[in-house]
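Here is the structure we will look at, set down as structure tokens.
The values are calculated or read from the model by the stated rules, or taken from the named source; none is laboratory data. Only a predicted model underlies this, so the values are computations on that prediction, with no experimental measurement involved. Backbone-built Cβ (ideal geometry, glycine too); neighbour counts: all protein chains shown.
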Amino acid sequence: MSLQSLTDAELHSASIETLARRLVEVACTQTRTTSGAVFLWDAKARGLTLDFHLVDGVVVALPGHGIVLHHRTDGRPNGIALTCFERGARYCCNDTASDPNYARYFLDVGSVLAVPIPWQGRPMGVLTVSARQQHAFADAHGTALEDIAQTAAKYLRRAQLARKAEADGGKPFVIKGLSAAWLEVERRMEQVAATDAPVLVQGESGTGKDLVSRALHFNSKRASRPFVTVNCAAIPETMLESVLFGHVKGAFTGASFDKVGEFQKAHGGTLFLDELGELPLLLQAKVLRAVEHGEVSPLGSNAAPARVDVRLICATNRDLLARSRRGQFREDLLYRVSVVSLELPPLRSYKDNLAILSQVFLEQAARQHGRRVTSLSAEAMAVLLRHDFPGNVRELKNALEHAVIMARSDVVQPQDLPQTMQAAAPRTSKRVERAPTLAQLRETWVAANEKAYLRSLLASTGGRVEPAAKQAGVNRVTFYRLMAKHGLTLEKTVKER
């Protein structure tokens, strides 16, 4: 048993509850135990929350409810999980009766094994298993548990990001690391998130700049502090200075009260300047001073500048270097905000993974709108593959939400997709009859056997495209194209079994 018994789409889109349950099941199987737990660090509660707990195969605590472990100051034991988290290293207790760190929650536990769930060089939580007998765990069990925790970390972190985004009224986190370019983005994010370095996130519209910026904040030491967003393109130039730096009463006509600026609101946390390329040239000098010296002066104030501690993350779809050369953007500000630059790849550069992303968005939309839509037909997938997605991931997400709402069955068909995508699909034109070529004849001879072969593969994998494609020795995109070519759909294939 392993986490990979779930598909890539399921792992990437799974909730913390689903992942934690699977993680404990795998851990118990590997260590031959029936009890285990997953604890995740909650920055707001400043403690470890019990997200899943299994005792003798029975769930005894619901995810995220009630139990938070804090460092004790009364001399009582902190417990194995919290001790493991604070040390950041494996903790093996093979005799609970003599271990000073063991907190006796269950009297019949004889041994406990805990490993940190690593993220960016520090723990994000703890995975534990326990047994009734003493001396139940060997070094090999600890190594196996560490491997499981390492594999699960990225999925748990993304699920944690999604849960926090939804709790804050935002959109779920969708970065999936589905291409070499995205893996490099994630690697750089891991390197820079824990620092206070300014970051410039660049990419086409809809590539996920806002999501990356939120992820950088949530994965930083400032995660429990404010994350303040200012869209430089959405605020009139005459108001932007007041929005960023605040103003005092009487600073201008209509200023009837003192206003705190967004720089001050973000004190201790992160300020996200979206569409930085639209920042007026005259205001750029004041932003530079705030970033370099941590000083802000409200509009109309004669008082000494206020000190602020803010991490700056900026995003743009403009070529700021080119604008700088034309005198439209300050060169010194550009270098200051781009200590680290992240270039987000467009969707067309990793369309081989479109099937996974599409399934993730489809499941999200189905949950959001309460629709029983479970998959895309091969024909609908072929329409998506033909599309260039100038709006990138945002366009794909919106298209799948549209399809889920318009679908007349539990499988999305081409007509359920937006009209713009259907219109973009190439239409067949009438051709003059000619004698068939050898290639055409070969295609005719092979077609029947190829269709039967594809149907047989899908039947053997329960309608799952990914393992069927692996057996056929092709990637998912090619397999979907072959299905579309022969008029096969997952719905039809499953019904024919």
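Before moving on, here are some points about what is shown:
- Inspection of segment 334-354 finds no residue satisfying the criterion of being closer than 24 Å to residue 293 by Cα, surrounded by fewer than 19 Cβ atoms within 10 Å (Cβ to Cβ) and of a type in the set (Asp, Glu).
- Identity of the residue in segment 296-319, surrounded by 15 or more Cβ atoms within 10 Å (Cβ to Cβ) and over 31 Å from the mean Cα position of the chain (by Cα), that ends up nearest to residue 208 (Cα to Cα): 296
- For segment 55-95, the candidate set comprises residues that are assigned to a strand (DSSP E or B) and modelled with pLDDT of 80 or more; within that set, the residue that is surrounded by the fewest Cβ atoms within 10 Å (Cβ to Cβ) is 68.
- Count of residues meeting criterion [of a type in the set (S, T, N, Q), out of contact with any Asp or Glu (no Cβ under 8 Å at 6 or more places or on another chain) and under 24 Å from residue 185 (Cα atoms)] in segment 221-248: 1
- Residues of segment 406-417 that turn out to be in contact with a helix residue (DSSP H, G or I) (Cβ under 6 Å, 6 or more places away or on another chain) and surrounded by fewer than 18 Cβ atoms within 10 Å (Cβ to Cβ), as a count: 1
- Residues that are in contact (Cβ under 8 Å) with a residue 12 or more places away in the chain, buried (at least 19 other Cβ atoms within 10 Å of the Cβ) and outside any loop (DSSP other than H, G, I, E, B) do not occur anywhere in segment 251-261.
- Matching helices (runs of 4 or more DSSP H) fully within segment 438-497 where at least 3 residues are modelled with pLDDT of 70 or more: 438-460, 465-472, 476-485
- Annotation: of all residues in segment 262-289 being within 22 Å of residue 326 (Cα to Cα) and small (Gly, Ala, Ser), the one that is surrounded by the fewest Cβ atoms within 10 Å (Cβ to Cβ) is 285.
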